[in-house]
Amino acid sequence: MSTQTPDRRTIDPAAVEMLEAAAAAGIQTAWDRYKAQQPQCKFGNTGVCCRICIQGPCRIVPTKPGMDKGICGASVYTIVARNLVRYIAGGASAHSDHGREIAYTLLHTAEGHAPDYKITDKNKLLKVAKKVGIETEGRELNDIARSVAIKALEDFGKYDSEPCAWLTTNIDEERNRKFKHTTIAPTAIDRSIAQLLHQTHIGTDADPVNIIFGGLRAALADYTGMSLATDLTDILFGTPTPVVTEANLGVLDAEKVNIAVHGHNPLLSQMVVYAARELEGEAIAIGAKGINLVGICCTGNEVLMREGVPTATNFGSQELAIMTGVLDTMIMDVQCIAPAVKDLCNCFHTHLVSTSHISKVPGSIHIEFNEATAMEDAKKIVRHAIERYKKRKPELIKIPPYKKQVVGGFSFETMMDLFGKLNPDSPISVLTDAILAGEIKGVCGFAGCNNQKVVHDHASVEIAKELARNDVFLVSTGCAAGAFAKAGLLSAEGVEAYAGPGLKKFIKRLEEKSGLNAGLPLVFHMGSCVDNTRIANLWTAMAEELKITVPQLPFVASAPEAMSEKAISIGSWVISMGIPTHVGVLPPIEGSELVYGVATQIARDVFGGYFIFDTDPASAAKKLLDRLEKRAWKLKIHRQTAEKYDSDLARVYEG
Ligand code: SF4
Ligand code: MSK
């Protein structure tokens, strides 16, 4: 594997230029702060520092008598397990609360209390209603939407003992049975999270395995919240279809009013898209050539997928967008907005506008966003940006001239449409047949963030290139997709440069029938971090088509630069679903061999999925490839046997 030699900090050429400019101007960035934090605390890094009660912090040194346990007597495995699952609780809270807001907005739209929203995708509404068991026959759309929203809200707090609807109706029978038998199917999202915090309170659960199972229940609650968030967002704003756009700081336009949407929740960013279109004339009236909306992080992914809004940066390089001197306003909603962006704003004319009552940064301007007055609020923010345009300091303008074409918008439905052009009767078999024929080796789903512990964008891009060279079909979400976008892997350029012969043939076959005015990409962008459920829908459809279980499927996942609590939560439900999952940063569980062993080995025995921790992109790619090849080989052997004896596939062979 030829590894691109990275800058010690990033492989993104725009970020390299901006970091040089930051150093010259004495501007501090996340890279400087990471350096200043070194060496980081070993106790925290390995998960052996407990701060769960205020007798602590208790730091465990297994070899030192008296320090081998916490003051309460908690063993190192209890402490490491508790710390780990509390990350999951944080991640599940963030994702599911995002989903709850979407569900309330759908409810209020259906009831006529959110006049600026509407049911955009009627087919998806009917499909989702049918999936979760809601009668649609002879009912008004708004009435159905109301029932769907209430059903979703019930998944947060219902009091019966049935597992959540958005979990059970999206996974196959075998996984439903598995989650029931292992008692990790959540019956209510909020309860799973609250119970996990209770379970990990001082003096409740000391059993590390039981704690981890509580964590997995919350991880599946995370899946449930994400899954309903994606479904209901598609109903409100439309299910993504292919779009052609661009990515990297070169998408900023010195002659236009530049507005960045940053965060996660499309309830706001989608309204900003509409408001910016409407107010274009006001921008022109003050001398700009129009309004240029760009995205950062996952709210950027949401509007990229549905509206083709270009991506400016991903999580790691978010501060650098402000350093261009042309970003007139950065609008934040929730999650992954580094407070440091406000410090950067102080050096330029950029205003940071917060919009949520739970997400504020001291010194920023707060314009509260309400669903009842959504368009009015969005317009207020856009007009604020138009005002800021006049305050630019020309001497500070520096836009790095880098951008790449992006072909995105590949929702699960769009993937099926694409495959359906080759086989309308069984779209998913286009993918599974290519695996059975050995044309492609399997599928890898990329997700996750940027993390200062590794070189920005490097591992994501290198692993993707290596898997592509070896004929692995690639899909992605989140800030990993941002890394691929900036590196040209979300366009046909990536196919030409890196696809192995089988993968290239497969993509070109799809491309011929696609009807798109752009070539298909090397990596298929499936959305924001909540949209990882779209990737899960893909593996469930593949397993059902092949009549095998998900853990037998040649499907792996990778989060090369995992950072947030949400990433830990996603990784945990992905392994529970049966998918081997690589993580490219060392997890804070190395302080307990037992917990590490559960994550990397025992999980495989129980669920078929497990974590692969590896910080070296070349070795990580090899491990992922080995896993895919082994699963594909086993599938082929069992297929041949079934064909020879005209029988079904062996039911429970190990994948
Ligand atoms: Fe220490 Fe136990 Fe309190 Fe943790 S819960 S801080 S180990 S006394
Ligand atoms: S924004 S959670 S850094 S993907 Fe979804 Fe990016 Fe990770 Fe935040």
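The values are calculated or read from the model by the stated rules, or taken from the named source; none is laboratory data. Since the model is a prediction, treat every value here as computed from it, not as a measurement. Backbone-built Cβ (ideal geometry, glycine too); neighbour counts: all protein chains shown.
Things to note:
- Close Cβ contacts (under 6 Å, 6 or more residues apart or on different chains) running from residues in the range 263-291 that are without any contact (Cβ under 8 Å) to a residue 60 or more places away in the chain and surrounded by fewer than 24 Cβ atoms within 10 Å (Cβ to Cβ) to residues that are among the β-branched types (Val, Ile, Thr) and outside any helix (DSSP H, G or I) comprise Glu280/Ile291.
- In the range 45-64, the residues that are within 13 Å of ligand 1 (Cβ to nearest atom) and basic (Lys, Arg): Arg51, Arg59
- Residue that is surrounded by the fewest Cβ atoms within 10 Å (Cβ to Cβ) [pool: residues in the range 439-482 that are within 13 Å of ligand 2 (Cβ to nearest atom) and in a helix (DSSP H, G or I)]: Ala480
- No other residue among Gly488, Gly527, Gly515, Gly502 is of a type in the set (Gly, Ala, Ser) and crowded, with 24+ Cβ neighbours inside 10 Å apart from Gly527.
- Check on Val16, surrounded by 13 or more Cβ atoms within 10 Å (Cβ to Cβ) and closer than 30 Å to Lys403 by Cα: yes
- The range 553-597: number of residues that are more than 16 Å from ligand 2 (Cβ to nearest atom) and modelled with pLDDT of 95 or more: 20
- Whenever a residue of the range 439-460 is closer than 17 Å to Thr615 by Cβ, its partners that are away from ligand 1 (no atom under 16 Å from the Cβ) and at pLDDT below 95, lying with C-beta atoms within less than 6 angstrom and at least six residues away or across chains, give the pairs Val455/Pro6; His458/Pro6.
- Unique residue being of a type in the set (Val, Ile, Thr) and either within 16 Å of ligand 2 (Cβ to nearest atom) or closer than 16 Å to Ser317 by Cβ (or both) when the list is Thr46, Thr10: Thr10
- Residues satisfying the stated conditions in the range 186-200, i.e. closer than 13 Å to Pro163 by Cα and more than 23 Å from the chain's Cα centre (by Cα): Thr187, Arg191
- Residue in the range 415-424 that is in contact (Cβ under 8 Å) with a residue 60 or more places away in the chain, in contact with a Leu (Cβ under 7 Å, 6 or more places away or on another chain) and under 25 Å from Gly609 (Cα atoms) present: yes
- The range 290-345, subset in contact with a Pro (Cβ under 8 Å, 6 or more places away or on another chain) and hydroxyl-bearing (Ser, Thr, Tyr), residue farthest from ligand 1 (Cβ to nearest atom): Thr324
- Test: residue in the range 565-572 that is under 23 Å from Asp471 (Cβ atoms), in contact with a His (Cβ under 9 Å, 6 or more places away or on another chain), of a type in the set (Ser, Thr, Tyr) and touching a residue at least 40 places away in the same chain (Cβ under 8 Å): no
- The lone exception for Tyr117 - which of (1) assigned to a loop (DSSP other than H, G, I, E, B); (2) of a type in the set (Phe, Trp, Tyr); (3) surrounded by fewer than 17 Cβ atoms within 10 Å (Cβ to Cβ) it fails: (3)
- Filter pass, Gly608 being buried (at least 22 other Cβ atoms within 10 Å of the Cβ), small (Gly, Ala, Ser) and touching a residue at least 60 places away in the same chain (Cβ under 8 Å): no
- Cβ separations smaller than 6 Å between residues 6+ apart or across chains give no pair from the range 70-99 residues that are at pLDDT below 95 to residues that are within 14 Å of ligand 1 (Cβ to nearest atom).
- Of the residues making up the range 163-183, those that are assigned to a helix (DSSP H, G or I) and either surrounded by 17 or more Cβ atoms within 10 Å (Cβ to Cβ) or touching a Gly at 6+ places or on another chain (Cβ under 6 Å) (or both) are Ala165, Trp166, Leu167, Thr168, Glu174, Arg175, Lys178, Phe179.
- Considered as a group, the residues in the range 324-341 that are more than 26 Å from Val530 (Cα to Cα) and not polar (S, T, N, Q) include one that is surrounded by the most Cβ atoms within 10 Å (Cβ to Cβ), and that residue is Leu327.
- Residues of the range 631-655 classified as surrounded by 15 or more Cβ atoms within 10 Å (Cβ to Cβ) and either in the same structural domain as Asp433 (by TED's automatic domain parsing) or at pLDDT 85 or above (or both), total: 7
- Glu282 part of a helix (DSSP H, G or I) and modelled with pLDDT of 95 or more: yes
- In this structure, Ala206 qualifies as of a type outside the set (Lys, Arg), farther than 21 Å from Met305 by Cβ and surrounded by fewer than 24 Cβ atoms within 10 Å (Cβ to Cβ).
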